[in-house]
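Laboratory data are not the source of any read-out in this text; all were calculated from the coordinates shown. Note that this is a predicted model, so its numbers are computed, not measured. Glycine gets a Cβ as well: all are built from the backbone with ideal geometry, and neighbour counts include every protein chain shown.
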Amino acid sequence: MNLLVIGSGGREHAVIKKLLENKDVTKIYALPGNGGIARDAECVNVSATDIPGIVKFATENQIDYAVVTPDDPLVLGCVDALNEAGIPCFGPAKNAAIIEGSKVFSKNLMKKYGIPTAGYEVFDDAEKALKYLETAPIPTVVKADGLALGKGALVCMTREEALDAVRTIMVDKKFGASGDEIVVEEFLTGPEVSVLSFTDGKVVKPMVSSMDHKRAGDGDTGLNTGGMGTIAPNPYYTEEVAAECMEKIFLPTIDAMNKEGRTFKGCLYFGLMLTPDGPKVIEYNCRFGDPETQVVLPLLKSDLLTIMQACTNGTLSETEVEFSQGSACCVVMASKGYPVSYEKGYEITISDEVAKNVYVAGAALKDGKLVTSGGRVLGVTATADNLAEAIEKAYKLTEKIHFGNQYMRSDIGQRALKA
Ligand code: AMP
Ligand code: GLY
């Protein structure tokens with residue numbers, strides 16, 4: 001089989017490596033991929049948001065199945081366009097991807113169907129939002145409606161910050177048209193859990209839970225990033241919590257999307273907060289998380305391609321989705337200065353022995369050498385019988401990877417160990 005994977009991050013690299021375990025897979029093309037992914041797939045210089053270019057490539061290259069991984073092509077309707085060209089895909093159609101593409105949509109959906117989430121108000125007018133925030137409860141969270149590279153949620157600890165957040169999003173348009181509308185949310189507290197799930201629109205099969213580390217610095221300090229590391233499973237996500245989430249959140253969400261005529265097929269990501277009042281949805285993503293995927297898929301024992309095709313074909317109920325009992329830890333190695341500004345272009349050396357544990361995010365090939373080209377350069381994942389061992393193994397592996405201007409957190413997984 002010829003496969004196509006859209007995207008260029010560490011998450012896509014993890015998906016590609018897992019798909020290659022299926023013996024029927026003869027070739028994987030990555031659009032656009034990156035210099036590190038090029039070890040495992042043929043990278044083709046077509047942007048992940050160039051929908052006509054993706055469809056043209058797929059039809060000209062006898063693609064049997066496509067996996068659309070990032071949020072923007074999904075929200076733009078990449079799956080619909082490929083399906084129209086006769087190519088089956090993993091991922092939601094445009095009318096279902098809106099569950100991530102619009103926070104206003106997802107909050108209204110949860111309210112309508114009684115799915116637990118933070119209380120909220122919606123504004124399409126900056127003056128009204130500013131007036132509301134003069135007396136609203138603080139802390140609060142101000143969120144741009146649309147996609148914003150994961151940076152559109154501003155947690156505001158003071159009234160001044162909240163007023164500034166409205167100006168940043170609605171007046172200065174920091175996230176462009178994504179900020180035409182905003183959601184102002186009740187501030188929730190509690191441990192956060194990421195649960196990725198497979199769904200064919202009929203049943204939902206959750207993957208092993210995970211924990212992201214979003215802040216740049218040790219001890220969860222510094223700026224928010226795309227994610228500096230992950231561990232799985234998440235110790236806060238006990239069997240009781242999982243059962244409650246299935247009953248009150250996962251199944252009701254699949255059901256709600258069906259009732260709205262927006263059947264969701266693919267990977268539905270539940271960003272949860274375990275509050276004193278029970279689990280609540282912080283956000284939905286219409287796709288695999290990054291870097292959650294880099295710890296979840298290494299623990300998957302079942303065949304990924306078979307599961308993905310079952311999601312497409314509506315046969316997930318009879319398809320095995322099994323995870324190993326062990327733990328995984330992914331440490332992201334970044335360029336120092338990320339997420340603000342950083343030097344790149346440094347050569348990366350990775351021994352062949354370590355490469356199988358490495359998921360490359362920001363690297364390019366230059367004169368045949370792999371060089372850094374992004375803020376997050378790569379993730380290193382180790383699995384083990386327990387979390388402490390997985391953490392130790394992952395950090396040991398980082399010692400065997402070298403590049404200039406390197407930075408990583410030294411405490412990935414420590415909070416989970418103490419849980
Ligand atoms: P989001 O982009 O919606 O996932 O939000 C990014 C981060 O902001 C989350 O991972 C939380 O840490 C935080 N956050 C979002 N919404 C809330 C909320 N209602 N209460 C407290 N923290 C929140
Ligand atoms: N790790 C969070 C996300 O993928 O949005």
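Quick look at the numbers
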item	result
Neighbour-count order for V104, V68, fewest beta carbons within 10 angstrom listed first	V104, V68
Approximate spin-label separation T349-I138, in nm, with each point projected 7 Å along Cα-to-Cβ	5.3
Positive-end extreme of charge dipole, region 187-325 - chosen from A232, L299, A256 (charges on Cβ)	A256
For the chain, built as a Gaussian network whose Cα springs stay under 10 Å, the top-fluctuating residue of A14, A48, A148	A148
Proxy reagent accessibility, fewest Cβ within 10 Å first, across M170, M308	M170, M308
Cross-link reach list, lysines versus K265, counting only Cα pairs under 17 Å and skipping chain neighbours closer than eight places	K94, K202, K205
Within region 371-401, backbone nitrogen closer than 17 Å to the virtual label 7 Å beyond the Cα of L417 toward Cβ	381-399
Calculated FRET efficiency for the pair K23/D172, C-beta based, R₀ 56 Å, to 0.05	0.60
Top of K366, K214, K202 by mean-square fluctuation, Gaussian network on the chain, Cα under 10 Å	K366
Förster radius 22 Å - calculated FRET efficiency between N2 and N45 (Cβ-Cβ, nearest 0.05)	0.75
Residues I282, I169 arranged by fewest to most Cβ contacts within 10 Å	I282, I169
Ratio Rg/Rh, restricted to the chain and using Cα atoms, in which Rh is the Kirkwood radius	0.95
Whole-Å distance, taken between Cα centres, linking region 194-209 and region 290-339	11
Modelled FRET efficiency - R0 22 Å, K336 with K400, Cβ distances, 0.05 increments	0.70
Relative contact order of the chain, pairs being alpha-carbon contacts under 8 Å that are 6 or more residues apart, as %	17
Of D64, D277, D200, the one that fluctuates the most in a GNM where the chain has Cα springs shorter than 10 Å	D277
Rounded to 5, the percent of DSSP beta bridges in the chain classed as antiparallel	80
